[in-house]
1. Given (1) 1.01; (2) 1.47; (3) 0.98, which label gives Rg/Rh (Cα atoms, Kirkwood Rh) as computed from the coordinates?
2. Could you size up the charge dipole of the chain around its Cα centre, putting +1 on the beta carbon of Lys and Arg and -1 on that of Asp and Glu, and report it in debye to the nearest 20?
3. For q = 0.14, 0.20, 0.24 Å⁻¹, what log10 I(q)/I(0) does segment 1-98 give under the Debye formula with an equal point scatterer on each alpha carbon and no solvent?
4. Where does the chain land at 222 nm, in deg cm²/dmol rounded to the nearest 500, when only DSSP H runs of n ≥ 4 count, each adding -39500 (n - 2.57), divided by all residues?
5. Classify segment 22-78 from the C-alpha gyration tensor, please: rounded if a/c falls under 1.5, else prolate or oblate depending on whether a/b exceeds b/c.
6. Using a probe radius of 1.4 Å on heavy atoms only, what accessible surface per residue do you get for the chain? Whole Å² is fine.
7. Ranked highest first by average number of other Cβ atoms within 10 Å, how do 57-63, 115-121 line up?
8. Can you give me the relative contact order of the chain as a percent, contacts being Cα pairs under 8 Å and 6 or more apart?
Amino acid sequence: VLTHALLQHLPDVAPAGRARAAERFLLARAAALSASDRVGLIEQALRVLDQPGLAALFGPHARAEAAIAGKVVLGDGREVEIAGRIDRLAVTDDAVLLADFKTGAPRPAPETPARIVSQFALYRAALQPLWPDRPVRALLVWTAGPRVVELDPAALDAALARLAAP
């Protein structure tokens, strides 16, 4: 929860002030944490923010905790209503990026839990009509490391097809 909060709020702080802002935030919200635990959380969040491949997620065209709601029509014609929250949503000239932050040890893409793949498949299906000229890419960002795993579009398509199966 604290890592997610840091990743939500720190992009709005100038890079030179992020460590100090994170320290103040954790002292206010988690004073019971040891100093070393606070330092570890801050370092982890700053490493994610400093990842060059994630710059768009923390730039001016990105939103934190983006609410998503809509209807997705499955292959069998059924409509599924969805509602959720995306940790980070960014729209670039080339793509729409959906990111979900995960803490703990990273898992390789084939081991991503089916429920997460299905969730991203539904989110992608709901957002694709809004940006038909660019792909909607789903990213799992493991804060330990950090490590970014992009979910394969074919796996997302297959998850959507499984949701339509009887």
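The values are calculated or read from the model by the stated rules, or taken from the named source; none is laboratory data. Predicted model only: the values in this text are computed from it and were never measured. Note: ideal-geometry Cβ built from the backbone for every residue, glycine included; neighbour counts use all protein chains shown. These accessible areas exclude ligands, DNA and RNA; they are computed on the full protein's heavy atoms, side chains included. Shrake-Rupley method; radii C 1.70, N 1.55, O 1.52, S 1.80 Å.
1. (1)
2. The dipole of the chain has a size of about 400 debye.
3. -0.62, -0.98, -1.22
4. Roughly -11500 deg cm²/dmol at 222 nm, from the helical runs in the chain.
5. Taking the square roots of the gyration eigenvalues as a ≥ b ≥ c, segment 22-78 is prolate.
6. 53
7. Highest to lowest by the protection proxy: 115-121, 57-63.
8. Relative contact order of the chain: 20 percent.
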